[in-house]
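The values are calculated or read from the model by the stated rules, or taken from the named source; none is laboratory data. These numbers were taken from a predicted model, which means no experiment stands behind them. Positions of Cβ are generated from backbone atoms using ideal geometry, with glycine treated the same way; all protein chains shown enter the neighbour counts. Each accessible area value is taken on the protein alone, full model and side chains, heavy atoms only, with ligands, DNA and RNA left out. Shrake-Rupley method; radii C 1.70, N 1.55, O 1.52, S 1.80 Å.
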Amino acid sequence: MTLATAIDSFVPLTPDTPEVLGRIGGKACGLVRLLRHGFPVPEAWVLEAQPVPADEIELPPPLAEAADAFWSALQGERPGARFAVRSSATEEDLDDKSFAGVYLTVLNVCTAEEFRAALLRCRAALHGQQGKAYRRARGTEGPPRIALVVQRMVDAEVAGVLMTANPLRPLADELVIDASYGLGESVVSGRVQPDHLVVAKGDGAIREERLGTKEFALRFRDGATVEDSVPQAERHRRALADAQVAALQKLAADVEARIGPRQDCEWAFEGERLYVLQQRPMTGLPPAEPEQVFSRRFGDEYIADYTLPLSYTVLMPWISETFLAEFARSFGFAQRLRHPPTVRHEGYAYVSGEFVAQMMSAVPKALRRTDAVDWFPEMWNERIRREPFRPWQLGRMAWTAWRDPKSDLRRNPADLEAHCARVAELLVPRLRQEYAALSEADWENQFAEAIRLGEEHFHVIRWGMGFHNPLLHGFLQDLLKRWADDDGSLYQVLISGLPQTRTAEVNRAVWRLAQAARADAVVLALLAEKAPHAQMREATPEAAFWGAFDGFLRDYGHRGATRDIALPRWSETPDIVLGLLRAQLAANAPDPDESERQAAARRKAAEATLAERIGSGIASRAKLRMIREVLALAQTYTVYRENQRFYLDYVLAHIRNLVIEAGARLHRRGVLEEPDDVFFLEKAEFLEVRALPGATEELRNRIGDRRAHFQQWRHRLPPTYLFDGIAVEEQPAASAASVPAGALAGMAASMGQARARARVIRSLEELDTVQAGEILVTSNTDPGWTSVFPLLAGLVTATGGILSHGALLAREYGIPAVTGVVGAVDLIRTGDLLELNAVEGWIRRIDD
């Protein structure tokens with residue numbers, strides 16, 4: 001029998017093969033595309049897609065007979081050739097789903113028995129745990145089907161992966177190559193640390209080059225795949241010759257020109273001949289010219305961290321609706337906006353770049369130096385700068401401001417002061433009440449009142465924070481630059497170290513508390529030993545220090561690290577205040593009053609420099625008078641910005657106490673399994689469940705799902721930007737010179753940052769020990785590990801490059817990953833608290 005008569009089941013892949021995904025699967029479709037466009041591809045055949053029983057333990061007899069006939073014909077025409085059997089599932093190698101390494105490839109198939117076994121194993125992979133986990137995570141629906149590709153293996157001298165876009169800098173004009181000796185499986189599996197090249201698409205210049213360790217090469221010998229040790233001299237030089245790099249650059253250009261941009265190709269050199277083994281679209285990359293950009297940097301002002309549902313739905317309506325959306329509607333912008341001002345992505349708050357661009361159209365271009373502009377990547381900032389100035393919008397702003405009594409530039413600080421006085425008068429006594437004694441009616445009244453106070457807070461500050469403050473600072477910077485040739489240094493001094501801020505007041509109180517600790521040798525010694533609060537209290541119950549400490553908590557205990565009501569305040573976590581004291585004592589911090597006097601002296605000197613630079617003529621005096629007036633207002637609104645948060649914290653602390661009490665009551669009634677389950681409910685749900693007589697299965701499942709998401713994402717720092725919903729970081733990976741002292745250097749393989757506990761895994765058998773929210777540290781990842789990827793806060797591998805399967809899947813799951821960290825599994829221990837920086841490519845152990 002010849003191959004021509006043995007192809008009823010195994011169809012040869014040719015340029016004329018119909019590219020039907022449902023028949024031949026994604027991987028085979030990629031090979032057909034390559035063949036159709038004239039690329040050199042090793043001969044290949046496909047067993048067309050079919051469903052596979054989950055309990056299949058042997059090939060169906062018709063398939064087994066066809067396989068034997070096909071193999072016999074194959075060996076008759078290509079005696080001694082070796083073949084690979086690869087999955088080609090119908091949902092594999094697509095634009096939005098890669099399934100990279102999730103299914104199975106069997107290499108070096110040489111006999112009929114091996115061929116049948118490879119077919120059976122690759123079919124069974126359709127029902128493997130990693131495939132199920134990936135399909136579940138990516139939302140793939142419908143019964144899966146799988147085709148199988150049979151492809152002649154080339155005797156590769158050097159092989160690897162080529163991506164026609166840089167996954168870490170997807171907007172740069174770069175391609176990326178990972179290469180090592182022998183079969184490319186060592187590269188894609190991450191078993192070796194390959195050479196890594198970043199090449200300019202235009203002139204082919206190598207922009208980055210990192211030589212891998214390349215300890216061994218996978219080769220076929222004596223009927224088996226073996227690991228051949230690579231001689232030291234070859235390890236320390238690049239695996240690819242210059243001519244081969246040029247050939248791969250040309251291949252990248254041809255692939256993009258003929259098939260399309262952003263392609264992922266596996267390749268191999270057999271002698272001087274370059275073969276393309278696979279092609280698939282790169283997944284998860286942002287568009288080069290997004291219609292919409294959202295930024296997480298906005299959240300740093302109020303809501304920077306992962307925010308639980310109740311916290312988010314209490315605070316964000318004040319920001320998104322009262323502060324931003326009402327502003328847009330009143331100014332006439334709302335009808336042009338296609339997106340809400342803010343969104344929540346994986347538990348974090350993002351602001352719309354379209355919203356900011358539209359708002360800036362009412363601001364003269366010279367004054368668009370605001371925090372909001374700094375929130376976005378340069379390409380979007382350029383759009384904001386180009387946005388035409390619409391004077392009529394500025395006129396409408398002025399009209400709206402005239403109608404709103406809280407908008408007046410000089411009156412708004414007084415309005416804030418009156419609001420803050422009302423907050424303090426109402427809430428300071430209530431923060432000391434017994435919340436458990438509140439009746440249901442009193443609880444409801446106080447909760448509603450607190451929500452109204454929060455809404456009123458943002459109604460006041462939307463003018464001061466959203467309008468006056470950024471315009472004043474932008475105007476001041478522009479005047480200083482034009483009239484005093486300021487590079488920013490004068491501006492920084494003139495607005496720094498201002499008195500009368502609540503922040504400065506708290507700093508003074510902490511400093512005085514530190515002095516009280518210095519006066520007691522026992523307290524001071526316990527602080528130095530980092531003794532916890534309870535132990536210190538027990539050891540020194542009569543110390544005068546505790547009177548000052550308790551007074552500090554009465555005055556400032558409503559404050560916290562963030563505005564998140566799910567997180568405790570200082571009054572609940574006195575050890576945090578002790579930590580502030582230790583920092584003061586360790587740094588031997590100076591008297592804050594003296595620091596303020598020095599800051600005042602620097603401001604006075606800066607004002608003298610300003611006057612000198614402007615000059616003394618009539619026009620100069622007018623300029624100086626204008627700058628001083630704008631400066632005074634900018635300083636007022638700088639203090640305003642600091643102080644408003646102090647009083648907002650009263651509102652949030654009160655709401656937190658009310659919610660904690662409600663959670664305790666719901667737990668006692670059996671509605672919630674745990675009191676803190678209350679924070680996993682949205683505000684509307686929270687108010688509804690207060691009327692439930694008991695728990696429901698739907699409620700338990702909803703809270704359980706949200707807890708799981710929290711554990712998965714709480715320690716990840718998500719992407720700074722969303723380009724049309726796709727995560728992206730603008731920063732390039734940094735050089736080795738930027739790695740901090742004591743850190744382990746690697747390669748940023750999937751952008752992001754994380755701070756979490758390490759879980760060191762040396763084998764697949766230990767995988768069940770991985771806990772949600774941990775950083776997985778391992779030599780290299782196996783496709784069988786896919787099921788734990790959704791749990792991880794981060795990934796560190798000792799080998800592998802940025803184009804390995806593990807790195808690719810980390811990017812798809814949005815997990816920050818650093819690869820090629822030599823010795824990671826030996827230098828890191830399970831339980832170590834790690835800081836992972838997958839923007840710059842390093843990881844280090846940090847103190848708790």
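Worth a mention:
- Leading residue by the ranking (modelled with the lowest pLDDT) among those in segment 830-846 that are in contact with a Gly (Cβ under 6 Å, 6 or more places away or on another chain) and more than 15 Å from LEU792 (Cβ to Cβ): GLY841
- Residues satisfying the stated conditions in segment 653-667, i.e. touching a residue at least 60 places away in the same chain (Cβ under 8 Å) and either touching a His at 6+ places or on another chain (Cβ under 6 Å) or small (Gly, Ala, Ser) (or both): ALA653, ALA662, ALA664
- Residue check for VAL198: within 25 Å of ARG123 (Cβ to Cβ) and open to solvent by less than 10 Å² (accessible area, probe 1.4 Å): no
- Within segment 815-837, being under 17 Å from LEU791 (Cβ atoms) and either part of a helix (DSSP H, G or I) or hydrophobic (A, V, I, L, M, F, W, C) (or both) holds for ILE815, ALA817, LEU834, LEU836.
- Pick from segment 539-572, criterion open to solvent by 60 Å² or more (accessible area, probe 1.4 Å) and under 18 Å from ARG502 (Cα atoms), ranking: nearest to the chain's Cα centre (by Cα): ALA561
- Selection count, segment 208-263, where residues are over 18 Å from THR799 (Cα atoms) and touching a Pro at 6+ places or on another chain (Cβ under 7 Å): 2
- For first residues located in segment 532-551 and more than 15 Å from ARG518 (Cβ to Cβ) and in a loop (DSSP other than H, G, I, E, B), partners that are open to solvent by 50 Å² or more (accessible area, probe 1.4 Å) and not aromatic (Phe, Trp, Tyr) and lie 6+ apart or on another chain with Cβ distances below 6 Å form the pairs PRO532/ASP575.
- Residue tally, condition in contact with a Lys or Arg (Cβ under 9 Å, 6 or more places away or on another chain), in contact (Cβ under 8 Å) with a residue 60 or more places away in the chain and either on the phi > 0 side of the Ramachandran plot or part of a helix (DSSP H, G or I) (or both), over segment 556-594: 3
- ARG422 assigned to a helix (DSSP H, G or I) and among the basic types (Lys, Arg): yes
- Condition check for ALA246: touching a strand residue (DSSP E or B) at 6+ places or on another chain (Cβ under 8 Å) and either open to solvent by less than 70 Å² (accessible area, probe 1.4 Å) or modelled with pLDDT of 90 or more (or both): no
So that you can scan it fast, the table gives a plain yes or no per residue for (1) small (Gly, Ala, Ser); (2) open to solvent by 50 Å² or more (accessible area, probe 1.4 Å):
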| position | (1), (2) |
| --- | --- |
| LEU13 | no, no |
| ASP16 | no, yes |
| HIS37 | no, yes |
| GLU43 | no, yes |
| VAL46 | no, no |
| ALA66 | yes, no |
| PHE70 | no, no |
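- Considering segment 303-387, the qualifying helices (runs of 4 or more DSSP H), each wholly inside and each with 3 or more residues that are at pLDDT 80 or above and surrounded by fewer than 19 Cβ atoms within 10 Å (Cβ to Cβ), run over 378-386.
- Output for segment 43-84, where each listed residue is out of contact with any strand residue (DSSP E or B) (no Cβ under 9 Å at 6 or more places or on another chain), closer than 19 Å to ALA125 by Cβ and assigned to a helix (DSSP H, G or I): ALA64
- All positions within segment 185-194 that are crowded, with 24+ Cβ neighbours inside 10 Å and either modelled with pLDDT of 85 or more or at negative phi (or both): SER186, VAL187, VAL188, VAL192, GLN193, PRO194
- Residue that is farthest from LEU585 (Cα to Cα) [pool: residues in segment 503-538 that are among the charged types (D, E, K, R) and open to solvent by less than 60 Å² (accessible area, probe 1.4 Å)]: GLU505
- Among the residues making up segment 584-624, those that are under 30 Å from ASP520 (Cα atoms) and either polar (S, T, N, Q) or open to solvent by less than 60 Å² (accessible area, probe 1.4 Å) (or both) are GLN584, LEU585, ASN588, ALA589, ASP591, PRO592, SER595, GLU596, GLN598.
- Qualifying residue in segment 217-233 (condition: in contact with a strand residue (DSSP E or B) (Cβ under 8 Å, 6 or more places away or on another chain), buried (at least 22 other Cβ atoms within 10 Å of the Cβ) and of a type outside the set (Lys, Arg)): yes
- The residue that is modelled with the highest pLDDT, among those in segment 677-706 that are acidic (Asp, Glu) and open to solvent by 70 Å² or more (accessible area, probe 1.4 Å), is GLU682.
- Scanning segment 151-183 for residues that are assigned to a strand (DSSP E or B), open to solvent by 10 Å² or more (accessible area, probe 1.4 Å) and within 22 Å of PRO231 (Cα to Cα) returns a single hit, TYR181.
- Of the residues making up segment 468-480, none is over 19 Å from LEU427 (Cα atoms), outside any helix (DSSP H, G or I) and over 33 Å from the mean Cα position of the chain (by Cα).
- Test: residue in segment 663-672 that is under 30 Å from GLU456 (Cα atoms), in contact with a Gly (Cβ under 6 Å, 6 or more places away or on another chain) and either acidic (Asp, Glu) or in a loop (DSSP other than H, G, I, E, B) (or both): no
- In segment 115-150, the residues that are farther than 24 Å from ALA64 by Cα, open to solvent by 10 Å² or more (accessible area, probe 1.4 Å) and modelled with pLDDT under 55: ALA137, ARG138, GLY139, THR140, GLU141, GLY142
- Any hit, segment 431-444, residues being open to solvent by 20 Å² or more (accessible area, probe 1.4 Å), in a loop (DSSP other than H, G, I, E, B), closer than 30 Å to PHE298 by Cβ and touching a residue at least 12 places away in the same chain (Cβ under 8 Å): yes
- Members of segment 263-296 found to be crowded, with 17+ Cβ neighbours inside 10 Å and either among the acidic types (Asp, Glu) or on the phi > 0 side of the Ramachandran plot (or both), listed by number: ASP264, GLU266, GLY284
- In summary, ASP487 fulfils each of the numbered conditions (1) assigned to a helix (DSSP H, G or I); (2) modelled with pLDDT under 90; (3) not β-branched (Val, Ile, Thr) with the single exception of condition (1).
- Wholly within segment 235-302, strands (runs of 3 or more DSSP E) carrying at least 3 residues that are closer than 22 Å to GLY182 by Cβ and of a type in the set (A, V, I, L, M, F, W, C): 263-270, 273-281
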